[in-house]
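Asks: Take a look at this one; I'll ask things after.
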Amino acid sequence: MQSTTFEQLQADRAAKTPVVLAKNLRTGAETLLYLQGKKGTKGWPHEVAEAARAALLADRSTTIETEEGPVFLNVFNPPLRMIVIGAVHISQSLAPMAALAGYDVSVVDPRRAFATGERFPGVHLSHAWPDEAMEAFAPDLRTAVVTLTHDPKLDDPALAAALRSDAFYIGALGSTRTHARRLDRLRAAGFPEHELSRIHGPAGLDIGARSPAEIAVSILAQATERLRKRAA
C-alpha cells in the first residue's frame, strides 16, 4: 500500500468515513473509493465505483473482474450506531441487545432521573435535547434511529433530524393512531410522503411482542432486516 493511501485511509477511519480500498491485482494500481463517488474514481471504470458502493452497503469485501484485471475491494466501514431516544424500559433491553449485534449505542434523554448509569450500565448517555443530540451525532448510512418516548417534544425533533439524514433505519414506537398523528405533525412541518415512508411505525416487526424485551427484539430484527436487505 502506498504511503499516501495509507495515511488517507487512517484519516478516513479516524473520521469514521466509510471507504473502500480498491486494488487492481494485475497492475497494482490502488485508490480509495467513497459512497459519494466524488473522490478517487478518476481513471477507474464506473463498474468499480458501483461495486464499491454495493460492497460498502453489504459490509463485505469482494473481488470483481474488469477489463484491466481483477480488482479487490477491501471495505472499511465504521461501526454501526444506534441512537435511542428515550431512557425507557424498552431501551433497557434494546441497548444491550443492539450492542451484542455490533452497534455503538447511545441513549438520549434530557430527563436525568431516567437516563442514569444504574439503569444503563456501560451505555453512552446523552442528556441533551434530541435535536441537539442528533446534530452532534450526525446520523449516516451506518446509523439506526429509534424513538421510544411517546412524547412529541422529544420524539418529533429526533425524527425530523433523522429524516434529514442518511440513517438506514428510523423506527418510532406507538400505536397506529399515535403514528398517524405523528405523521400529521411532520407533514405540517414540511416533510413529503416519500420521506415519511422511511419511518417504521409502529417500530418493530409484527411478531406479537408484548413485553419490553420482546418489543426490543422486534425493533432490532426490523433494523437488521433493513440493514441487510437494502443491499440485496
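Asks: Please work out the C-alpha center-to-center distance from segment 100-129 to segment 80-99 and express it in whole Å.
Replies: For segment 100-129 versus segment 80-99, the Cα centre distance is 8 Å.
Asks: OK, next. Return the label of the correct value of Rg/Rh (Cα atoms, Kirkwood Rh), as calculated from the structure shown, out of [x] 1.58; [y] 1.04; [z] 0.99.
Replies: Checking each listed value against the structure points to [y].
Asks: In nm, what is the difference between 0.36 nm times the number of residues separating Arg181 and Arg111 and their Cα-Cα distance?
Replies: 22.8 nm
Asks: Okay, next question. Number of Lys-Lys pairs in the chain under 21 Å by Cα, sequence gap 8 or more or different chains?
Replies: 5
Asks: Still on this model: For a quick check: sort Ile215, Ile207 by the number of other beta carbons within 10 angstrom, fewest at the front.
Replies: Listed from fewest to most nearby Cβ atoms, that is Ile207, Ile215.
Asks: So the label point goes 7 Å from the Cα of Ala54 along Cα→C-beta, right? Which residues of segment 210-232 then have their backbone N under 15 Å from it?
Replies: Inside the label zone: 229-232.
Values in this text are rule-based calculations from the coordinates and carry no lab data. Since this is a predicted model, take the numbers as computed values, not measurements. All Cβ positions, even for glycine, are placed from backbone atoms using ideal geometry, and neighbour counts span all protein chains on display.
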